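*Asks:* I have a structure here, written as structure tokens, and I will follow up with some questions on it.
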Amino acid sequence: MRSAERRILRDGVAIGVAVGVIGASFGVLARTAGIDPVMACAMSALIFTGGSQFLAVTVVASGGGILAAVIGGLLLSARHIPFGLSLAPVLRGSLAKRLLSSQLVIDESTAFALSQPTAELGRRAFYTVGITLFCCWQAGTALGAFAGGAIGDPAGLGIDAAFPAGLLALMTPRLRHADARVAALTGAGLALAATPLLPAGAPILLSGLGVFAGLAVRRDGRR
């Protein structure tokens with residue numbers, strides 16, 4: 001158990017460093033778009049979903065209205081609904097505790113939690129990764145927002161690729177089953193096909209339809 005806990009902490013810190021660097025990139029972008037550094041930090045603390053934050057700042061920077069930024073952010077964040085449903089068996093406690101925990105429901109904390117062999121390790125992974133990433137994201141945002149142009153764009157270093165690569169590595173053990181592989185491939189295909197046609201965020205939601213293909217394969221296997 002202790003070795004598993006050390007591994008969770010090690011992996012959480014590693015991805016937290018990458019999150020902090022991307023947070024700095026967000027802070028720089030927000031300041032470039034004319035957003036007050038305090039407001040940028042408040043966005044990171046209250047919203048805490050990088051994709052929606054980057055989208056909102058990009059919309060504002062390109063001359064779009066607040067309504068467009070909010071709608072785009074909500075659309076992109078809708079993927080957190082199935083995240084919360086999948087974590088329900090792992091996260092227990094009072095309603096107040098679960099409401100506080102919902103602030104930590106992001107891609108990385110969900111993937112780490114669901115990749116653990118037991119519910120206990122899943123809870124530990126969720127809180128370890130969630131809290132670590134939250135702190136690193138806030139620190140990165142503050143650094144980027146207040147330091148401004150002194151920091152270059154971390155995306156130019158290729159660090160943004162650490163997120164999909166890390167999540168793929170975490171979810172690979174779940175692809176042992178045929179239904180999971182079919183669901184993943186179908187969802188990826190739908191998202192890729194829809195990317196040139198739909199606004200940002202919509203392809204991610206559309207990829208969720210891959211679950212039905214996986215369920216069909218599972219039902220066939222049980223016959």
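Yes or no, residue by residue, for (1) assigned to a helix (DSSP H, G or I); (2) of a type outside the set (A, V, I, L, M, F, W, C); (3) within 25 Å of residue 75 (Cα to Cα):
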residue: 11; (1), (2), (3): yes, yes, no
residue: 14; (1), (2), (3): yes, no, no
residue: 20; (1), (2), (3): yes, yes, yes
residue: 25; (1), (2), (3): yes, yes, yes
residue: 31; (1), (2), (3): yes, yes, yes
residue: 40; (1), (2), (3): yes, no, yes
residue: 43; (1), (2), (3): yes, no, yes
residue: 48; (1), (2), (3): no, no, yes
residue: 51; (1), (2), (3): yes, yes, yes
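*Asks:* Still on this structure: Contact list please: Cβ distance under 8 Å, first residue in the stretch 108-128 and over 12 Å from residue 87 (Cα atoms), second residue part of a helix (DSSP H, G or I) and among the acidic types (Asp, Glu), pairs at least six apart or on different chains.
*Replies:* Between residues of the stretch 108-128 that are over 12 Å from residue 87 (Cα atoms) and residues that are part of a helix (DSSP H, G or I) and among the acidic types (Asp, Glu), the close pairs are 121/5; 124/5.
*Asks:* Which residue out of 74, 55, 91 is assigned by TED's automatic domain parsing to the domain that holds residue 112, buried (at least 18 other Cβ atoms within 10 Å of the Cβ) and not in a loop (DSSP other than H, G, I, E, B)?
*Replies:* 55
*Asks:* Regarding residue 18, is this residue over 30 Å from residue 176 (Cα atoms) and of a type in the set (Gly, Ala, Ser)?
*Replies:* no
*Asks:* Would you be able to tell me the number of residues in the stretch 138-195 that are under 30 Å from residue 36 (Cβ atoms) and modelled with pLDDT of 70 or more?
*Replies:* Going through the stretch 138-195 one residue at a time, the tally reaches 10.
*Asks:* Now for a different question. What are the pairs, 6+ residues apart or on separate chains, where a residue within the stretch 1-30 that is more than 19 Å from residue 140 (Cβ to Cβ) has its Cβ under 6 Å from a residue that is aliphatic (A, V, I, L, M) and surrounded by fewer than 23 Cβ atoms within 10 Å (Cβ to Cβ)?
*Replies:* 4/121
*Asks:* If you scan the stretch 39-86, which residues turn out to be touching a Ser or Thr at 6+ places or on another chain (Cβ under 6 Å) and at pLDDT below 75?
*Replies:* Result: 76, single match.
*Asks:* A follow-up question, please. What is the number of the single condition among (1) over 30 Å from residue 31 (Cβ atoms); (2) modelled with pLDDT of 85 or more that residue 92 does not meet?
*Replies:* Residue 92 satisfies every listed condition except (2).
*Asks:* Anything in the stretch 33-50 that is within 14 Å of the chain's Cα centre (by Cα) and surrounded by fewer than 18 Cβ atoms within 10 Å (Cβ to Cβ)? List them, or say none.
*Replies:* Of everything in the stretch 33-50, just one residue is within 14 Å of the chain's Cα centre (by Cα) and surrounded by fewer than 18 Cβ atoms within 10 Å (Cβ to Cβ), namely 47.
The values are calculated or read from the model by the stated rules, or taken from the named source; none is laboratory data. Computed from a prediction, not measured in an experiment: that's the story for all the values here. All Cβ positions, glycine included, derive from the backbone under ideal geometry; neighbour counts span all protein chains shown.
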